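First the structure, in the form of structure tokens, and then the observations on it.
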Amino acid sequence: MTVEERYEAAKESYRNIGVDTDQVLENLKNVPISMHCWQGDDVAGFEGEGALSGGIQATGNYPGKARTPKELMEDIDKAMSLIPGKHRLNLHASYAVFEDGFVDRDALEPKHFKKWVEFAKKRGLGLDFNPTYFSHPKAEEATLSSENEEIRQFWIRHGQACLRISEYFAEELGTPCTMNIWIPDGFKDIPSDRKAPRARLKDSLDQILAAGYDKEKVNVAVESKVFGIGMESYTVGSHEFYMNYAAKNDILCLLDNGHYHPTEVVSDKISSMLLFSDKVALHVTRPVRWDSDHVVLLDDETKEIAKEIVMSGTEHVLLALDFFDASINRISAWVVGMRNMQKALLTAMLRPNEKLKGLQENREFTELMVMQEELKLYPAGDVWNYFCEINGVPAKEDWFQEVKAYENNILLKRD
């Protein structure tokens, strides 16, 4: 049977439970995922040879890492060519392209990201942005919560500069930019004063937002974390801090599913957040025992997150990925992660969600369990393969041959 014939058979199966697969594929095509640039070069950026800091670690030395903006853009192109649909690109400030000489992070301007805007325009991509509060000499102890006022003001200016750059992205590309603030500030051991650092962080964020920005163009988000290497006992930017700060200041709270205690799941948080905010920002990753940012798999939590996104309305969730694995082919990592997030969304869209919701409302839990379990073996894979075919990308594992050829012809020649 051809891919199309298998799709027609699957289409009939889903029609019998009230699911229109043609509409599902149209809906899926219109859900953009923001693909993170930092998988391509192990979060190195273009500022120099400094080591990663801030509790971040990329492990492995697989050959072919992107070393220049040109190489990184080529690798992004290759990955995007193997991912169905139209997506977005998520940049960190440390990926500025310096054509007229280096400037420090507090002096970054839109012109330092002109090459990225040109890249995005040609490909119809939206851009999202992140101030980079790590891997810098002034980030060795603390950033926005620093006791050193000179250091703190440096990082405040960086945040303000990033607001201007985010507006530039939105104006040039005609789509809002999500600007996400994450800092690694914290302590290795139990602090004597938890409040003072958070008070300084609050004041710093207030000063950044006071610089002013167009809320129609920029979605400012704040991202929490439980701990990092060297900050195991206390993180200034906790979930409770940012959730309250976001609510009070009408900005977004970003949920990263690697940034919580092991027994917490982000899939359970999305519906609660959206009862009090029109939108929530989301980084999907895969924690393994800690926030290790492994490549996203089609695992249970990814599928549960996707289900909550679909049930809540995809327009209410600003969806991005965040992982970096230097032990495997970096382009393959991008493609696997992005396609798995789309497969999870597809699986959620192929559920007869209104019927399942009705069973729960009527407390018909026996039939609900039966339906949810039977759906696990419905032919979602045949629908996925057809989705790939009509979007002009290889189905099943066929895409990997292109990655291997790219590795042999380009990546292995970089080292």
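The values are calculated or read from the model by the stated rules, or taken from the named source; none is laboratory data. Please read these numbers as outputs of a predicted model, since none were measured by experiment. Cβ placement follows ideal geometry from the backbone for every residue including glycine, while neighbour counts extend to all protein chains displayed.
Return a yes/no flag: does segment 338-351 have any residue that is more than 22 Å from the chain's Cα centre (by Cα), touching a residue at least 12 places away in the same chain (Cβ under 8 Å) and not in a helix (DSSP H, G or I).
Yes: segment 338-351 contains one or more residues that are more than 22 Å from the chain's Cα centre (by Cα), touching a residue at least 12 places away in the same chain (Cβ under 8 Å) and not in a helix (DSSP H, G or I).
Looking only at segment 99-114, how many residues end up being among the aromatic types (Phe, Trp, Tyr) and part of a loop (DSSP other than H, G, I, E, B)?
Summing the residues that are among the aromatic types (Phe, Trp, Tyr) and part of a loop (DSSP other than H, G, I, E, B) in segment 99-114 gives 1.
Please specify each residue of segment 381-410 satisfying the condition of being in contact with a Phe, Trp or Tyr (Cβ under 9 Å, 6 or more places away or on another chain), assigned to a helix (DSSP H, G or I) and surrounded by 16 or more Cβ atoms within 10 Å (Cβ to Cβ).
Asp382, Val383, Asn385, Tyr386, Phe387, Cys388, Glu389
Might you check whether a residue that is of a type outside the set (Phe, Trp, Tyr), within 28 Å of the chain's Cα centre (by Cα) and farther than 30 Å from Ala44 by Cβ occurs anywhere in segment 361-368?
no
Would you mention how many residues in segment 259-273 are in a helix (DSSP H, G or I) and surrounded by fewer than 18 Cβ atoms within 10 Å (Cβ to Cβ)?
Summing the residues that are in a helix (DSSP H, G or I) and surrounded by fewer than 18 Cβ atoms within 10 Å (Cβ to Cβ) in segment 259-273 gives 3.
Does Glu47 satisfy the criteria of being farther than 30 Å from Glu389 by Cβ, of a type in the set (D, E, K, R) and touching a residue at least 40 places away in the same chain (Cβ under 8 Å)?
When the stated conditions are applied, Glu47 passes them.
State yes or no: is Asp185 in contact with a Gly (Cβ under 8 Å, 6 or more places away or on another chain) and acidic (Asp, Glu)?
In short, yes.
Got a sec? Which of Lys279, Lys343 is surrounded by fewer than 23 Cβ atoms within 10 Å (Cβ to Cβ), closer than 25 Å to Lys202 by Cα and of a type in the set (Lys, Arg)?
After applying the criteria, what remains is Lys279.
Go over the candidates Phe276, Phe227 one by one and state the one that is touching a helix residue (DSSP H, G or I) at 6+ places or on another chain (Cβ under 9 Å) and either touching a residue at least 12 places away in the same chain (Cβ under 8 Å) or within 25 Å of Ile165 (Cβ to Cβ) (or both).
Only one candidate passes the filter, namely Phe276.
If only one of Lys303, Lys215 is outside any loop (DSSP other than H, G, I, E, B) and at pLDDT 95 or above, which one is it?
Lys303
What is the residue count in segment 73-116 for residues that are buried (at least 20 other Cβ atoms within 10 Å of the Cβ), more than 30 Å from Tyr386 (Cα to Cα) and not basic (Lys, Arg)?
Of the residues in that region, 10 qualify.
Quick one: Ala221 ticks every box in (1) among the small types (Gly, Ala, Ser); (2) assigned to a strand (DSSP E or B); (3) modelled with pLDDT under 95 bar one, so which box is it?
(3)
Go through segment 74-98 and report how many residues are over 13 Å from Trp334 (Cα atoms) and either free of Cβ contacts under 8 Å to residues at least 60 places away in the same chain or assigned to a loop (DSSP other than H, G, I, E, B) (or both).
Qualifying residue count for the region: 9.
Give me a count of the residues in segment 225-238 that are crowded, with 20+ Cβ neighbours inside 10 Å and at pLDDT 95 or above.
Residues in segment 225-238 being crowded, with 20+ Cβ neighbours inside 10 Å and at pLDDT 95 or above: 3 in total.
Applying the selection to segment 151-185, what residues are touching a helix residue (DSSP H, G or I) at 6+ places or on another chain (Cβ under 9 Å) and either at positive phi or in a loop (DSSP other than H, G, I, E, B) (or both)?
Passing the criteria: Thr175, Pro176, Ile183, Pro184, Asp185.
Filter segment 121-149 down to the residues that are hydrophobic (A, V, I, L, M, F, W, C) and touching a residue at least 60 places away in the same chain (Cβ under 8 Å), then identify the one that is surrounded by the most Cβ atoms within 10 Å (Cβ to Cβ).
Leu144
Show the residue pairs meeting these rules: Cβ distance below 7 Å; 6+ apart or different chains; first residue within segment 99-120 and closer than 27 Å to Met35 by Cβ; second residue exposed (fewer than 15 other Cβ atoms within 10 Å of the Cβ).
Qualifying pairs under 7 Å: His112/Phe98.
Which of the following residues is over 30 Å from Glu407 (Cα atoms), in contact with a helix residue (DSSP H, G or I) (Cβ under 6 Å, 6 or more places away or on another chain) and at pLDDT 95 or above: Arg15, Arg6?
Within the list Arg15, Arg6, the selection yields Arg6.
Could you please find all residues in segment 282-300 being of a type in the set (Ser, Thr, Tyr) and either surrounded by 17 or more Cβ atoms within 10 Å (Cβ to Cβ) or not in a loop (DSSP other than H, G, I, E, B) (or both)?
Residue satisfying the conditions is Thr285 alone.
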